[in-house]
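**Student:** Before we start, here is the structure in question, set down as structure tokens.
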Amino acid sequence: MRGNAAQHELIAPGSLPAVLDLLSSAPGEWTPIAGGTELMVAFAAGRLTASRLVSLWGIEELRFITTTPGELVIGGGSTFSDLRACAAVAADFPLLDKSASWIGSIANQTRATVGGNLVNGSPAADSSPALLVYDAEIELISTRGKRRLPYREFHTGYKQNAMTADELLYAVHLPRRFAQHHQYLRKVGTRRAMAISKVALGATTLIKNGAINEIRAAAASLAPFPARLFKTEAVLAGKSPSTGVIQAARQALLAEAQPIDDIRSNAHYRKSVGANLLEEFLLGLNREIETR
Amino acid sequence: MSATEATIQLNVNGENKTVFVPPMKRLLDVLREDLSLTGTKEGCGEGECGSCSVRMNGDLVNSCLVPVLQANGAELETVEGLASDGVLHPLQQAFLLCGGAQCGICTPGMLMAAKHLLAHNPHPNIAEIREGLAGNLCRCTGFMRIFESVLSAATSNAATSQQETHAR
């Protein structure tokens, strides 16, 4: 059944305070819609359950990218085209730049927002592995004020997150301290454009004296939400990526991953490819250590 | 819940238009049903095929994913705006000469994505053309003739001068 526009209310208060007032006045009543690349798909298919929507498109207070000496701050309303056009993103957070280029196509990148990608909370979200391995923080805003939490604690279940009904995703904060890290990100999908991940894996690591001094690894589509691979990280911490350590890390990932069978892939393939991506990352790391 | 209709103002291909429609109505449907601009096609209806590509304030968008309220006040370019005074746009001419169109459903979207690409990059190489059109699916041509059409338009002087005029 097709969606019927007359059955959904959509308003555009036009400013951040006006939207926050609205959300606060009737928590849960209004569903924010930014670039529409998720909700309009649901609408067209007749699956959009929200009857009252409030537009975030064009709210300039949410669309910014700023840098301070310690941080890059990305407004929740920034589009993936904004990210790709920002030299500071490419310079300091190349994995995020890369993941932005994976979002659908040009026409989707123009409209899809960082806030929308994270709040929607797809297990396959393209920007999530990069943001997780860069140790991002999420800043939420409501009429009650702002609060920050680590991104790794933002998703709490399948399409569930730590936000309350009166909050918006205001910004993503990225610490500018990864210049010396070895960085890896790869997405496996059906084709390069317009394909949702079957599985994606990212990692950042700092090498000291030939061993892994600091490591973050995260995956899309290996769990009900994009998540760090803490148990796999623990196997690698302090170790040199020898053949034995790589095998142990693969086993840890296979034990830790909880993928599902769905229309795009199946759990067995996702686990196997996830372990292969981890191995590719560690072999590259090994080569880098040997050439130092 | 029945929503009230809203007055929406659009500038389409240089002409001001006012429509009175539900604000959640898709821009695609407003173009086709309310403004009778049926050049913009619906393919998948979920933002994956690019058939409904139009330019909105200089950005390429899938009009099936834009609730019309979010286009209020916008400048829109659709395929109907390409030819002027009965003269085909150089991209249309190139598609004609190179066999870039077969059944025609994807063609308006391909043309608008190509126009967007050339507006930002007047002389793209084949890899850049592939990325610029990566969101537009064709089930007839196998894509090569479409890429050749865009390359041909980009290398013709006529296209270059026209693109420079239109570049943001």
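**Student:** Post the alpha-carbon centroid distance, the range B:75-129 to the range A:196-219, in whole angstrom.
**Tutor:** Taking the Cα centre of the range A:196-219 as reference, the centre of the range B:75-129 is 43 Å away.
**Student:** Here's another thing I want to ask about it. Average partner chain C-beta neighbours within 10 Å, per residue of B:35-45?
**Tutor:** Details: counts 0, 0, 0, 0, 0, 0, 0, 1, 0, 3, 7.
For peptide B:35-45, the averaged partner shielding equals 1.
**Student:** Using a basic spin-label model with each label point 7 Å from the Cα along Cα→Cβ, how many nm lie between A:A91 and A:T49?
**Tutor:** 4.5
**Student:** A follow-up question, please. If you fit an axis through the alpha-carbon atoms of helix A:267-291 and take the longest principal axis of the Cα set of chain A, what angle between them do you get, 0 to 90°, nearest 10?
**Tutor:** Once rounded, the angle reads 60 degrees.
**Student:** Checking the cross-link filter: which lysines have an alpha carbon closer than 22 Å to that of A:K98, excluding same-chain neighbours under 8 positions apart?
**Tutor:** Of all the lysines, those that pass the test against A:K98 - Cα under 22 Å, at least 8 places apart if same chain - are A:K187, A:K198.
**Student:** Under the definition of Cα pairs under 8 Å and six or more residues apart, what whole-number percent is the relative contact order of the range A:71-213? Mind showing how you got there, number by number?
**Tutor:** On the way: 261 pairs, mean separation 37.7, N = 143.
Relative contact order of the range A:71-213: 26 percent.
**Student:** How well do other chains shield peptide A:25-35, expressed as the mean number of their Cβ atoms within 10 Å of each residue Cβ? Mind dumping the intermediate values first?
**Tutor:** Working: counts 0, 0, 0, 0, 0, 0, 0, 0, 4, 1, 4.
Neighbouring Cβ atoms belonging to other protein chains average 1 per residue here.
**Student:** I would also like to ask the following. To the nearest 10 degrees, how steep is helix A:243-256 against the longest Cα principal axis of chain A, on a 0 to 90 scale?
**Tutor:** 30
**Student:** Could I ask something else about it? About the Cα centre, and with charges only on the beta carbon of Lys, Arg (+1) and Asp, Glu (-1), how big is the dipole of the protein assembly as shown? Nearest 20 debye, please. Display every interim value, and only then the final one.
**Tutor:** Values: 42 positive and 43 negative charges, 269 e Å.
That gives the protein assembly as shown a dipole magnitude of about 1300 debye.
**Student:** Per-residue mean of other chain beta-carbon atoms within 10 angstrom of the beta-carbon, peptide A:5-16?
**Tutor:** Details: counts 12, 9, 5, 8, 7, 10, 5, 6, 0, 0, 0, 0.
For peptide A:5-16, the averaged partner shielding equals 5.
**Student:** Straight distance only, please: which aspartates and glutamates reach the Cα of A:K231 with their own Cα at less than 12 Å, same-chain residues fewer than 8 apart left out?
**Tutor:** Partners within reach: A:E256.
Read the figures in this text as sums done on the coordinates, not as results from a lab. This is a predicted model, so every value here is computed, not measured. Methodologically, a virtual Cβ is constructed for each residue, glycine included, from the backbone with ideal geometry; neighbour enumeration extends over all protein chains shown.
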